[in-house]
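The values are calculated or read from the model by the stated rules, or taken from the named source; none is laboratory data. Note that this is a predicted model, so its numbers are computed, not measured. Neighbour counts are summed over all protein chains in view; Cβ atoms, including those assigned to glycine, are modelled from backbone coordinates with ideal geometry.
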Amino acid sequence: MTDRPAPAVEAPDESARSTRLPREERRRQLLGCARAVFAAEGYAGASMDQIAERAEVSKPVLYQHFPGKHELFLELLDAEVADLQERLGAAMDARRGRDNRERVRATVAAFFEYMGAPERTHRLVFDSGADQDPEVRSRSEAVHRLLSSEITRTISADTSVGEAEAEVLSRGLVGLLLGAARHWADRLDVQARPPAAEMARTVDALVWRGLATLPTDEDAL
């Protein structure tokens, strides 16, 4: 009996190696996978190959949705910054009309809760390693401005220091808050670190002890 050659097997279409999804659903899936990769690896350490592999699609499929890594990262960063601004804004608005300390405390608490999220997506905003990129820096700066503006208002309302000095002090306090929150979120074991609410109270107390030493209008009388 003559052996017949085996029929040619058509190579699988790489773009179909994962379940076909509607375009918008696929885009959301790719964004979720990219968010996880950037949060774990930082901007420089992440690659389109890693994102495609995590999403179980070929790179051509990924490039059908996003022109490149930079554009993909900026889209994620915009969403992340918007989410954080919404959280902080909600915390401020919920205490509008109350005393300044309560508003600042609520803002600090919301910030720690955001930083402590298990997905660690705060790294996209504060620890991506892409700070030298003007487009990345401008987005991170928007968060700094939001935080410092709230503290500046508090300093101006509760002390007699000038506006320029209040802005400098608020930037310093935001740096303190960010440094403490990043260390708490990224350097301490999740099981051992204090709860977000406890850290917020501690940082709030530190901030207000410092503000209490500033001159007030009553001191000038």
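When the criteria are applied in full, LEU147 meets the requirement of being in the same structural domain as ASN100 (by TED's automatic domain parsing), touching a residue at least 12 places away in the same chain (Cβ under 8 Å) and touching a Phe, Trp or Tyr at 6+ places or on another chain (Cβ under 8 Å).
Return yes or no: is PRO118 exposed (fewer than 15 other Cβ atoms within 10 Å of the Cβ), outside any helix (DSSP H, G or I) and at pLDDT 95 or above? For PRO118, the condition - exposed (fewer than 15 other Cβ atoms within 10 Å of the Cβ), outside any helix (DSSP H, G or I) and at pLDDT 95 or above - is not met. Taken over region 29-53, the criterion of being within 15 Å of THR121 (Cβ to Cβ) and either touching a residue at least 60 places away in the same chain (Cβ under 8 Å) or among the basic types (Lys, Arg) (or both) is satisfied by ARG35, ALA36, PHE38, ALA39, ALA40, GLY42, TYR43. Considering only region 58-65, I want to know if a residue exists there that is in a helix (DSSP H, G or I), in contact (Cβ under 8 Å) with a residue 40 or more places away in the chain, within 30 Å of ASP204 (Cα to Cα) and among the β-branched types (Val, Ile, Thr). No, there is no match, as no residue in region 58-65 is in a helix (DSSP H, G or I), in contact (Cβ under 8 Å) with a residue 40 or more places away in the chain, within 30 Å of ASP204 (Cα to Cα) and among the β-branched types (Val, Ile, Thr).
Quick one: is GLU113 exposed (fewer than 15 other Cβ atoms within 10 Å of the Cβ), on the phi < 0 side of the Ramachandran plot, under 13 Å from the mean Cα position of the chain (by Cα) and assigned to a helix (DSSP H, G or I)? So GLU113 fails the test.
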